[in-house]
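What follows draws every value from the coordinates through simple rules; no lab data is involved. This is a predicted model, so every value here is computed, not measured. Cβ sites come from the backbone with ideal geometry, for glycine too, and all protein chains shown count toward neighbours.
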């Protein structure tokens, strides 16, 4: 941030916050004991992209919890 002009700091902070949030969600998914098996199972059945909901069973609950934390409640 020191080399970035001050007028861009807020924009870069928001982008950094977004990247870190995505990283945290991925880390949580990767640490789930059944993640690798579910990923391989869905990959063998699917062509193209695999929806995250098919790989991380409690994805909706994780997203809702993250939204509650972000909202302060």
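Taking the longest Cα principal axis of the chain as reference, the axis of helix 35-45 is set at about 70 degrees. When each of 70, 2 is scored by the number of other beta-carbon atoms lying within 10 Å, the sequence from fewest to most is 2, 70. Only DSSP H runs of four or more residues enter the estimate; each adds -39500 (n - 2.57), and after division by the residues of the chain the mean residue ellipticity at 222 nm equals -22000 deg cm²/dmol.
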